[in-house]
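Enquirer: Handing you a structure now.
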Amino acid sequence: MSMDIDVPISIAPSQETSAGATIFCCDCGAPIDGTTAIDAKCYDCFKLTKDISQGIQREATLHFCRDCDRWLQPPSSWVTAPPESRELLALCLKKLSLNRTRIIDASFIWTEPHSRRVRVKLVVQAAVAEDRVMQQALEVVYVVAYQQCPECAKSYTANVWRASVQVRQKVHHKRTFLYLEQLIMKHGAHRDTINIKEAKDGIDFFFSARNQAEKFVDFLNSVVPVRVKKSQELISQDIHTSKKSYKFSYSVELIPVCKDDLVALPIPLAKQIGNISPLVICSRIGTSINVLDPNTLQTADISAPVYWRAPFTSLADVHELVEFIVMDCEPAGPTKGKWVLGELQLARASDLGVNDKTYFARTHLGGLLHAGDSVMGYMLTGTNFNSEQFEALEQSHTYASRIPDVVVVKKHYPNRRRTRKRQWKVKRMPKDEGELLPKKADQERMDREFEMFLQDIEEDEEFRSGVQLFKQPKRKPQPDEMSIATSDAGGDDDAPHVDMNELLEDFDELAIEEEG
């Protein structure tokens, strides 16, 4: 019996070669594959006749606010973007309508800064057939148009602020505010203000938003000991949507104790912070009050919450300092950091040639003083203080016998030339004085306080670290100005000075000189 067996059939795809049709390009005559050619043209000729960037505009406008250096991002937001930055490039690309094309690459083309033009080079890609894509490079020019943002427009109008920070300190001088002003300028904490106004006991800062004022208050809390109170006032209310508009005010009170002040601490507080002597001098104001006992070199810190639980004021400030002459100085042995304990024999400078009365004092400046030097200190003998804390010291059996005759604060340089020209300067914050224009006597007092502030910068390196110092621009002599020979005779060679390596270049002055 026989069986029919089927012949096996292969299921592999048949490999039939199809011959392509070769044609000539209609423009240049080059042989090309007719099945893949587009419009019967080679790729090079097709690129010359096809423009995939036809729907992309070659010119656009960018709006820039000259007051706050921000760019308009439609429809209504303003963003900060440095020149030739990624943020500015993204802002430029959002201005374009791509029309089924996509951007492969984008970069800036350098232009003159004053040309008010921003040039961007783009590489775009688009599909020209089912399996063919094409790339093309083009250049887009943006014209920079000036437009004032709403925040800057409000700054030129009265009573448009949303939040204000009222900084106050109840003292008779502005030395702490001068230092705080330099800290604010160094860290740029005043950039968001729309107005800065001088007040009776301090400065008012006005902001257009509540969060900006809270950020500024947080900065003040991080650099000086303060107490903050907040209040709000209802401006308007929509009864249909229950939306309310408020104005916020922050009252920031600085501790009324300044550097180099003589302080009488409450006796319970002195025992609480390390059993320090209640009669101390304020050595530094940072985030807390740093006090120093010149008799023992003991130091202590008083934070703002501890101070406001038992507030006190200074016995005397720098305006009550008296000049003394060092007759004899002997180191007493103990040292602590830069301070060396020393025993001094002092005579009041005004008593020289009148009487031979001398005073004994201990000081923390034993490593700096020698016989014949001048010091500034507080005269306690024969001085009456209207202070409950000092009366408690005098009535105490423990501390009454420890009250010294003189408390030495710092070294004095009487031969320092007052008319000398400093090679450095500090910048001041622009403020609106309003109706509080200083009188002639007040202006002289403010000039003296500013001069004392500059001297503190020269004498204290730690104090100088929180201030930005700039090089003083050289004054160009006038053609008809006579040259006068100046001599440094009579100056004090030991007087502290600022090293030139610590100074910064004032680029505002350089820009003015280049324009001139």
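Enquirer: Hey, can you grab everything whose amide H is under 5 Å from the amide H of ALA199? Only 5+ residues off in sequence or another chain; H modelled, so Pro and N-termini drop out.
Expert: ASP204
Enquirer: Could you give the length gained on full extension between MET452 and ASP301, defined as 0.36 nm per residue of separation minus the Cα-Cα distance, in nm?
Expert: 51.9 nm is the gain from fully extending MET452 to ASP301.
Enquirer: Show me the ranking of peptides 174-185, 215-226 by mean Cβ neighbours inside 10 Å, starting with the highest.
Expert: 174-185, 215-226
Enquirer: Give the peptides 198-208, 388-398 in descending order of average Cβ contacts within 10 Å, highest first.
Expert: Descending mean neighbour count gives 198-208, 388-398.
Enquirer: List the chymotrypsin sites (Phe, Trp or Tyr not before Pro) within segment 47-125 that fall in a DSSP loop (any state other than H, G, I, E or B) and whose Cβ has at most 13 other Cβ atoms within 10 Å.
Expert: Within segment 47-125, the qualifying chymotrypsin sites (Phe, Trp or Tyr not before Pro) (loop, at most 13 other Cβ atoms within 10 Å) are TRP110.
Enquirer: Same structure again: Quick one: 3J(HN,Hα) in Hz for segment 256-272, Karplus 6.51/-1.76/1.60 with θ = phi - 60°, rounded, Gly and Pro as x.
Expert: Listing the rounded values in order: x, 10, 10, 4, 6, 7, 8, 10, 10, 6, x, 4, x, 5, 4, 6, 6 Hz.
Enquirer: I would also like to ask the following. How do 273-285, 90-102 rank on mean C-beta neighbours within 10 Å, highest first?
Expert: Ranked by mean Cβ neighbours within 10 Å, highest first: 273-285, 90-102.
Enquirer: Collect residues whose amide H, placed 1.01 Å from N in the peptide plane, falls under 5 Å from the amide H of ARG162; neighbours closer than 5 in sequence don't count.
Expert: Those qualifying (amide H under 5 Å, at least 5 residues apart or on another chain) are PHE207, SER208, ALA209.
Enquirer: While we're looking at this one, here's another question. Just to be sure I understand: of the beta bridges DSSP finds with both ends in segment 37-183, what percent are antiparallel, rounded to 5?
Expert: Within segment 37-183, antiparallel bridges account for around 80 percent of the total.
Enquirer: Under 1.5 on a/c is rounded, so check that first for segment 301-386, then, if it is not, pick prolate when a/b is larger than b/c and oblate when it is not; a ≥ b ≥ c are the square roots of the alpha carbon gyration tensor eigenvalues.
Expert: Taking the square roots of the gyration eigenvalues as a ≥ b ≥ c, segment 301-386 is oblate.
Enquirer: Okay, moving on. Just to check, using Stokes-Einstein with a Kirkwood Rh over alpha carbon pairs, what's the diffusion coefficient of segment 58-203 at 4 °C and 1.567 mPa s in µm²/s?
Expert: 68 µm²/s
Enquirer: Can you give the translational diffusion coefficient of segment 249-337 in µm²/s, computed by Stokes-Einstein from the Kirkwood radius over Cα pairs at 25 °C and 0.890 mPa s?
Expert: Answer from the Stokes-Einstein relation: 170 µm²/s.
Enquirer: Over segment 320-419, with every protein chain in place, what whole percent of the accessible area is carbon and sulfur at 1.4 Å, could you tell me?
Expert: Carbon and sulfur: 45 percent of the exposed surface of segment 320-419.
Enquirer: Modelled label-to-label distance, SER231 and LYS431, 7 Å Cα→beta-carbon offset: nm?
Expert: It works out to 2.1 nm between the two label points.
Enquirer: OK, next. Between ILE109 and residues 5 or more places away or on another chain, which pairs have amide H atoms under 5 Å apart, with H built 1.01 Å from N, and which residues are they?
Expert: The answer is ARG119, VAL120, LYS121.
Enquirer: Moving on. So which lysines can LYS47 reach, going by Cα to Cα under 17 Å and dropping same-chain residues fewer than 8 places off?
Expert: Filter leaves no residues.
Enquirer: In whole angstrom, how far apart do the alpha carbon centroids of segment 242-303 and segment 89-162 sit?
Expert: Rounded to whole Å, the Cα centres lie 54 Å apart.
Enquirer: Under the definition of Cα pairs under 8 Å and six or more residues apart, what whole-number percent is the relative contact order of segment 121-191?
Expert: With pairs under 8 Å counted, the relative contact order is 17 percent.
Enquirer: A follow-up question, please. Scattering from the C-alpha atoms of segment 304-463 alone, worked out with Debye: what is log10 I(q)/I(0) at q = 0.09, 0.17, 0.19 1/Å?
Expert: -0.43, -1.27, -1.37
Enquirer: Continuing with this model, one more query. Evaluate the distance, in nm, between pseudo-label points positioned 7 Å from the Cα of LYS336 and of THR80 along their respective Cα→Cβ axes.
Expert: 4.2 nm
The values are calculated or read from the model by the stated rules, or taken from the named source; none is laboratory data. This structure is a prediction, so every number in the text was calculated from the model and none was measured. Virtual Cβ from ideal backbone geometry, glycine too; neighbours counted across all protein chains shown. All accessible areas refer to the heavy atoms of the entire protein, side chains included, with ligands and DNA or RNA removed. Shrake-Rupley method; radii C 1.70, N 1.55, O 1.52, S 1.80 Å.
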